[in-house]
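Written below as C-alpha cells is the structure these notes are about.
The values are calculated or read from the model by the stated rules, or taken from the named source; none is laboratory data. As the structure is a computational prediction, the values presented were derived from the model and not from experiment. Here Cβ is always computed from backbone atoms with ideal geometry, including for glycine, and neighbour counts include all displayed protein chains. Side chains included, ligands, DNA and RNA excluded: accessible areas come from the protein's heavy atoms. Shrake-Rupley method; radii C 1.70, N 1.55, O 1.52, S 1.80 Å.
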Amino acid sequence: AAFQGLMEKAGPGSETVILAGYLAKEYLLLQEYERRIAEGSSPDDDSEMRRLSKIKFGPYLRTLPWKRGVNAQEHVLFWDNDYVDTLLKGSLAYEDAVEIRSSVTYATKILNGIIAPVVRKARGEGDDSDDDSGFRFPWQPKPEKESSNEILDGLEDAVRGAFVICLSRSFAAPISADIEKTEERLEPMLDLLQHSNNPNIKHGNALSGKIEVTASVDIKSGDELFNQYLGEEDENMPYHKFFTRFGFVPGVVEPLADLIADRSTIFFPQRASV
C-alpha cells in the first residue's frame, strides 16, 4: 500500500523507484531471516520468523548481483565518488554517471520512510512509542510519533544494488496483450540470457499476461540463448550510455575500468588532428 501511494504521488516514471524499493525491502528482510537462521533460529520459532520464511521470490533474490562483481556485474552505482571522478571525469559517461548516482541517493531518502519501519520491526528494533497507557481525554488527539530521518542500516547498499538490478535487467512490458500501457518488469528466466544485437529469441506478452518467449531462428540443442537488451544502433543509446545503464559495453570483454583508464574512444572524445 505504501509503494502504491508513492507511485500515485510520483506519477509517470516512478516505476523503477517502486520496483527498486520493493526489491531492497525484500532483500533486507531476507538478510534478517538468514541472520536468524545462522544464529540457530527455526522458521517456526515465532510469528515474525514464520512471516520471514515466506518471503516472496527469495530464491530469485539470492541470485541477483547486490554487490559489485557478483555474476561479473559492473556498474557506476557500485563505485565510490573518488573512483567516479578519477576514472570518468571528462568522459562522455561522466554526467550520466553523476545523475544516476544522485537520483539513487535521493530515492534512498524517500524509500527510507517506507522501508525502515518494516525492516526495523523485523529486526526487533522498534521503539516503545506505541505504548498508549497514559491518560488522555476522549477529545484529545493521539500524539503523533516523531519520524526519524536516520537512514536504515544497510539500506543504502540495498537500494544501490536494487537499482543496478533494475537498470541492467528490467524491461518495459505491456500490462496485457490488449493494452498499450507498459510496466517495468523483472523476469527470472530472461535474467539468464546474455545480450546480443542478433538475438535468437524474442519475447512479448501472452494473452494470459505472462511473458512468452519464442525462438526467432532455428535453435539447436545445446545452443546458447541470447536476448537483445537494446539495439546497439540506437542513437539514443551510444556505448557510453549503454555502460551507465547496463554496466557493460557490447563486445568488450576486458575490464571496463581498464578500458576507461586507457581513455578509450568509447568514453573520451578525440580531437581531430590538424
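Quick notes on this structure:
- For the stretch 25-48, the tally of residues that are crowded, with 16+ Cβ neighbours inside 10 Å and among the acidic types (Asp, Glu) stands at 3.
- Considering the stretch 227-247, the residues that are open to solvent by 60 Å² or more (accessible area, probe 1.4 Å) and either modelled with pLDDT of 85 or more or within 21 Å of Thr86 (Cβ to Cβ) (or both) include one that is nearest to the chain's Cα centre (by Cα), namely Arg245.
- In the stretch 113-122, the residue that is surrounded by the most Cβ atoms within 10 Å (Cβ to Cβ) out of those that are in contact with a helix residue (DSSP H, G or I) (Cβ under 6 Å, 6 or more places away or on another chain) and under 14 Å from Glu150 (Cβ atoms) is Ile115.
- Taking the criterion of being under 23 Å from Phe246 (Cα atoms), of a type in the set (A, V, I, L, M, F, W, C) and modelled with pLDDT of 90 or more, the residues of the stretch 20-70 that qualify are Ala20, Leu23, Ala24, Leu61, Leu64, Trp66.
- Restricted to the stretch 53-84, and to residues there that are aromatic (Phe, Trp, Tyr) and in a helix (DSSP H, G or I), the residue that is nearest to Glu34 (Cα to Cα) is Tyr60.
- Only one entry in Lys142, Lys220 is among the basic types (Lys, Arg), in a loop (DSSP other than H, G, I, E, B) and modelled with pLDDT of 80 or more, namely Lys220.
- Those residues of the stretch 58-104 which are open to solvent by 40 Å² or more (accessible area, probe 1.4 Å) and touching a Pro at 6+ places or on another chain (Cβ under 6 Å), in sequence order: Asn71
- Looking across the stretch 58-85 at every residue that is among the polar types (S, T, N, Q) and under 15 Å from Ile165 (Cβ atoms), the one that is farthest from the chain's Cα centre (by Cα) is identified as Asn71.
- Among the residues making up the stretch 155-174, those that are of a type in the set (Gly, Ala, Ser), buried (at least 16 other Cβ atoms within 10 Å of the Cβ) and either at pLDDT 95 or above or in contact with a strand residue (DSSP E or B) (Cβ under 8 Å, 6 or more places away or on another chain) (or both) are Ala158, Gly161, Ala162, Ser170, Ala173.
- With respect to being closer than 18 Å to Lys121 by Cβ, surrounded by 15 or more Cβ atoms within 10 Å (Cβ to Cβ) and among the basic types (Lys, Arg), Arg51 falls outside the description.
- The criterion of being open to solvent by less than 30 Å² (accessible area, probe 1.4 Å) and more than 30 Å from Asp262 (Cα to Cα) holds for Ala107.
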